[in-house]
Each structure stands twice: as C-alpha cells, then as structure tokens.
Amino acid sequence: MTQTSLGTLYGLGIGPGDPELITLKALRHLQAAPVVAFPAGLKGQLGVAQRAIASWISPQQRQLPLSFPYVQNQAELESAWQQAAHQVWGYLQQGQDVAFASEGDISFYSTFTYLAQTLQHLYPQSQIEAVPGVCSPLAAAAALGIPLTIQAQKLAVLPALYAPTQITQALAWADVIVLMKVSSVYAAVWSILQTHQLLERSFIVENATRSDQVIYAGLSQYRDLKLPYFSLLIVQVKPT
C-alpha cells in the first residue's frame, strides 16, 4: 500500500490589506493550495487577511477560518493554537497543501508563528514553508509619503503591549520609533510625545492601505482620538 505524501503548510504574508500588495510567490502558492486558511474575523465579520485574498481564490478551494482569541491568557491561547494545528494537520496528513494567509509579513508579530511552532511540536514530521510579505510599518510610511529610515538612522519597533517607560527608553537612542497597535495606550503616548515636543513629528495611520485608511499628520490637535485596533504610530525622533 502506497503511503500518502504529506501536504505542506505555506505561511503567506499577504500584506496589510490592499489585495495588490501580495507577492507573486505568495499568490502562486495561494491559488495552488486546495485549502486556504486564515484567522477568523471577530463577531461574524471577515478578517483582514480573508478580505485581502477574497478576489484571488476560487470557489473550488476549501476555506478554513481558524480562531485565535484576542486575549493574554496563556492557557487559552495555547488551546486555540493546538486546535488550529489539529485542524490544519487533518488536511496535511491527507496530502493536501494548506496556504495560511496572514496580514502583513509572516514573521513580523504574526499569528502564523504560533500556528507553525505548535504544528511542528505536535507533528514533528510537518512540512512548513514561509513566504514573506509587506509589513505594516513599511506600508504606513509609503502611505505617509515619507522614508521610514535613511542613512544611519536607528529604528525601534514596539509591539502592542508596551509600557510608557519603554517609549521613553527608546527615545534615548532611536531616531525613528514605530508603535504597533497604539490604540489601547494612545492617551499615555500622546502625553509622552507632548513632553518631548514630538507631536508635530508624529504620524498615525489607521488601517494602512485599506479602503478605510485614515492618516493623522502632526498630533497636537488630536489628543482624544478613538483609534481602531489596526492603528500604527510613527515618530520621527530626529528630523530627517
């Protein structure tokens, strides 16, 4: 009896939201895979990755939304990663490739990392390939029409869960700071930027590259913004 070859899990960075920002390589793997997975949206809504790939996939491909809760409870997160890994493995062991579409880049604060690591732990024989994509800081800088960094500038990127003291520390050495998913700490960040007289060299991009993208350039008049989850702040600590 011939043993079925295992399928491959392809992690595809499909960019921050604009469907045209997918790479040719990611598109090739996306359209060739019989199963297309992606993070499930919240409250019945389509997720960012699912919306971005909608025009690129065919009705013949099986769509596999995977649930990843937005919580900090480690046990709950690990349970979700294991459940997702089991779901993906069900197809891989049948010899079917699975393309996992993730917004941004596949290795830059990506949900795919946890899925891939969990799958590899549970099923060491798994075959996994990652395809890089456009990450949100690069997309936001392009939307603003500014370089993210030039020459010898030092860049600091702080993820969603950071303390105000970390921003102050980064200001001491970085020339440019990117604050990911800044919405939950925006009030504290605004006060720090005001103290350091950086409000006019700070920029916010909501939903970069998407149809509902919004830009705020210079934050002096935007103290009380109510920002959506996918909001990114760029600070030019030292003028270019």
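The values are calculated or read from the model by the stated rules, or taken from the named source; none is laboratory data. Keep in mind the model is a prediction, meaning the values are calculated, not measured. Ideal geometry is used to build each Cβ from the backbone, glycine not excepted, and the neighbour counts take in all protein chains shown.
Among the residues of segment 197-219, what is the count of those that are free of Cβ contacts under 8 Å to residues at least 24 places away in the same chain and out of contact with any strand residue (DSSP E or B) (no Cβ under 8 Å at 6 or more places or on another chain)? Give the derivation first.
Just the residues of segment 197-219 that are free of Cβ contacts under 8 Å to residues at least 24 places away in the same chain, to begin with: 197, 199-200, 211-212, 214, 216, 218.
Those still in the list that are out of contact with any strand residue (DSSP E or B) (no Cβ under 8 Å at 6 or more places or on another chain) too: 197, 199-200, 211.
Looking only at that region, the number is 4.
Looking only at segment 203-223, count every residue that is touching a Phe, Trp or Tyr at 6+ places or on another chain (Cβ under 8 Å) and among the small types (Gly, Ala, Ser) and tell me the total.
Number of matching residues: 3.
Any residue at all in segment 84-93 that's in contact (Cβ under 8 Å) with a residue 12 or more places away in the chain, in the same structural domain as residue 22 (by TED's automatic domain parsing), out of contact with any Cys (no Cβ under 7 Å at 6 or more places or on another chain) and loosely packed, with under 13 Cβ neighbours inside 10 Å?
Filtering segment 84-93 for residues in contact (Cβ under 8 Å) with a residue 12 or more places away in the chain gives 84-89, 91-93.
If we keep only those that are in the same structural domain as residue 22 (by TED's automatic domain parsing) as well, we get 84-89, 91-93.
Now restrict to residues that are out of contact with any Cys (no Cβ under 7 Å at 6 or more places or on another chain): 84-89, 91-93.
From the residues that got through so far, the ones that are loosely packed, with under 13 Cβ neighbours inside 10 Å too are none.
No, because not a single residue in segment 84-93 is in contact (Cβ under 8 Å) with a residue 12 or more places away in the chain, in the same structural domain as residue 22 (by TED's automatic domain parsing), out of contact with any Cys (no Cβ under 7 Å at 6 or more places or on another chain) and loosely packed, with under 13 Cβ neighbours inside 10 Å.
Report whether or not residue 99 is touching a His at 6+ places or on another chain (Cβ under 7 Å) and in contact (Cβ under 8 Å) with a residue 24 or more places away in the chain. Let's see the steps before the verdict.
Values: touching a His at 6+ places or on another chain (Cβ under 7 Å): yes; in contact (Cβ under 8 Å) with a residue 24 or more places away in the chain: yes.
Yes; evaluated as a whole, the condition is true for this residue.
Just to verify a result, which residue in segment 202-222, among those that are touching a helix residue (DSSP H, G or I) at 6+ places or on another chain (Cβ under 6 Å) and at pLDDT 95 or above, is surrounded by the fewest Cβ atoms within 10 Å (Cβ to Cβ)? If you could, list the steps in order and put the result at the bottom.
Looking only at segment 202-222, we keep the residues that are touching a helix residue (DSSP H, G or I) at 6+ places or on another chain (Cβ under 6 Å), and these are 202-203, 205, 208-209, 218-220.
Applying the additional criterion that residues be at pLDDT 95 or above yields 202-203, 205, 208-209, 219-220.
Numbers: 202: 24, 203: 20, 205: 25, 208: 28, 209: 20, 219: 22, 220: 11.
The residue in question is 220.
Can you name every residue in segment 34-49 that is crowded, with 18+ Cβ neighbours inside 10 Å and either more than 13 Å from residue 87 (Cβ to Cβ) or β-branched (Val, Ile, Thr) (or both)?
Within segment 34-49, 35, 36, 47, 48, 49 meet the criteria.
Only one of 198, 144, 122 is more than 24 Å from residue 21 (Cβ to Cβ), more than 18 Å from the chain's Cα centre (by Cα), at pLDDT 95 or above and crowded, with 16+ Cβ neighbours inside 10 Å; which?
On the way: 144 fails: more than 24 Å from residue 21 (Cβ to Cβ); 122 fails: crowded, with 16+ Cβ neighbours inside 10 Å.
Residue meeting the stated conditions: 198.
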